[in-house]
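Notes for the one structure printed next.
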Amino acid sequence: MPGLYQPSFFPLTIRFFILGAFLGLFYDVFRIRRIASFLHSEGAPSKRQNGIGRFLNKICLLETPVIFIEDLLFWTASAVAVILANYVLCRGIVRFYTIVCAVAGFTAYYFTVGKLTVKFAKVIISFIRKMICLIFGYTLRPILALFEKIYLLLRAKIAKAKAISYSKKA
């Protein structure tokens, strides 16, 4: 029919495949943030942990609602993106194959480039963590050693003053 708009199949599939790949890139932002958080850096909690380990486990419990909100944000943004792309490219007609192509693009990105992105991000995050620990180790260790010496000196003086005061009473 001459008056109907009929977009060609192949350009639409390519565009929606690329849209799916961009959605995969958007999801990688959340994945990398999760890698950088405490949730994935500490491993499985053990029963015999010091105070810091227990504190980090509490942070991990607080992380679960954040992950839920991130996933909700991602799926909402993905649905809106696919619907808007259908509206713009297909004049509001939601075509099933465009959704399939977007899912295929996301899946292709996730299992190819996404894996490489996450591996590269892990290396960079690990390097940054090691550098921060190294810098804080060299700057904080002498300061903490100084405070420890001051504490031990004050504790000895207080113990000596207590011993003198008790001897005067007797």
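The values are calculated or read from the model by the stated rules, or taken from the named source; none is laboratory data. Just so we're clear, the structure is a prediction, and the values are computed from it rather than from any experiment. Please note that ligands, DNA and RNA were not included when accessible areas were found on the heavy atoms of the full protein model with its side chains. Shrake-Rupley method; radii C 1.70, N 1.55, O 1.52, S 1.80 Å.
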- Message: What are the ³J(HN,Hα) couplings of region 25-37, residue after residue, when phi is run through the Karplus curve with 6.51, -1.76, 1.60 and θ = phi - 60°? Round to Hz, x for glycine and proline.
- Response: 5, 4, 5, 4, 4, 5, 5, 5, 5, 5, 5, 6, 7
- Item | region 103-160, accessible surface, carbon-and-sulfur percent (1.4 angstrom probe) | 78 percent
